[in-house]
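The values are calculated or read from the model by the stated rules, or taken from the named source; none is laboratory data. The shown structure was predicted, so the numbers you read here are calculated from the model rather than taken from an experiment. When we count neighbours, we look across all protein chains shown, and the Cβ atoms used for this are built from the backbone with ideal geometry, even at glycine.
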Amino acid sequence: MILFVNACVRSESRTKKIADALLKKLGENYIEVKLEDIEFPKTTEDFLHYRDTCIESRDFSDSYFDYAQDFARADTIVIAAPYWDLSFPAVLKQYIEHINVLGITFEYTAEGFPRGLCNAKKLYYVMTAGGNYVPGKFGFGYIKTLAESFYGIEDVELIKAVGLDIYGTDADAIVRECIEKI
Ligand SMILES: Cc1cc2nc3c(=O)[nH]c(=O)nc-3n(C[C@H](O)[C@H](O)[C@H](O)COP(=O)(O)O)c2cc1C
């Protein structure tokens with residue numbers, strides 16, 4: 001099963017267009033998680049207490065845990081996120097907070113190191129940026145580190161198109177070129 005984590009916002013999203021081309025190439029049906037449509041619970045102290053109680057008793061029957069379960073079960077993961085403020089939309093970080101569940105997506109070794117419990121062998125990260133100053137540290141770099149260290153997904157691939165908002169640039173041509181490479 002392919003899981004498509006869609007953090008795109010605009011109806012004309014270039015990031016989504018590239019992700020769609022990738023999903024078509026991957027050729028299987030996919031489950032889409034459109035982050036904008038999700039009302040994540042507020043991570044209040046009470047909520048964290050409830051969540052910890054479930055984790056301690058290994059009771060993941062609450063549908064809240066479905067996002068984490070789907071993530072852990074997927075064979076391939078495609079994350080699409082525009083480059084915002086040197087990283088990605090906050091809703092993607094929110095999603096990560098809710099899928100990083102001890103006992104579902106990862107666990108800790110006796111030495112205190114995370115060990116991945118995810119099934120996926122491959123994670124694609126699709127992004128577009130307006131400019132050409134696109135350090136990967138806080139966006140793709142963060143996702144790659146999470147995938148490798150927390151989820152146990154070794155094969156992490158970046159697909160990107162940058163410089164799309166530079167005055168006079170043919171953004172469509174850049175997006176087209178990126179899609180052709182896929
Ligand atoms: C809130 C916000 C923050 C952004 N921050 C950056 C940024 O830090 N660097 C950059 O190059 N572009 C930035 N951009 C431009 C987007 O990365 C660019 O327009 C991107 O292609 C949008 O993707 P989309 O077409 O999928 O919506 C930002 C855009 C928005 C709306």
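For segment 120-143, a residue qualifies if it is more than 16 Å from the ligand (Cβ to nearest atom) and crowded, with 16+ Cβ neighbours inside 10 Å, and the qualifying residues are Ala120, Lys122, Leu123. Restricting segment 156-179 to residues that are of a type in the set (A, V, I, L, M) and closer than 30 Å to Asp75 by Cα leaves a set whose member that is surrounded by the fewest Cβ atoms within 10 Å (Cβ to Cβ) is Leu158. Give me the residue from segment 144-168 that is within 11 Å of the ligand (Cβ to nearest atom) and part of a loop (DSSP other than H, G, I, E, B) and, out of that set, nearest to Asn119 (Cα to Cα). Checked segment 144-168; the qualifying residue nearest to Asn119 (Cα to Cα) is Val162. Contact annotation: residue pairs with Cβ atoms under 7 Å, 6 or more positions apart or on different chains, pairing a residue in segment 155-177 that is without any contact (Cβ under 8 Å) to a residue 24 or more places away in the chain with a partner that is within 11 Å of the ligand (Cβ to nearest atom) and part of a loop (DSSP other than H, G, I, E, B), are Thr169/Gly163; Ile174/Gly163; Ile174/Leu164.
For first residues located in segment 115-143 and at positive phi, partners that are basic (Lys, Arg) and at pLDDT below 95 and lie 6+ apart or on another chain with Cβ distances below 6 Å do not occur. Among residues of segment 27-61 being in contact with a strand residue (DSSP E or B) (Cβ under 6 Å, 6 or more places away or on another chain) and free of Cβ contacts under 8 Å to residues at least 60 places away in the same chain, the one that is nearest to Pro89 (Cα to Cα) is Lys34. Being loosely packed, with under 13 Cβ neighbours inside 10 Å and acidic (Asp, Glu) is the filter here; which residues of segment 144-155 pass it? Once the filter is applied, which keeps residues that are loosely packed, with under 13 Cβ neighbours inside 10 Å and acidic (Asp, Glu), segment 144-155 yields Glu154, Asp155.
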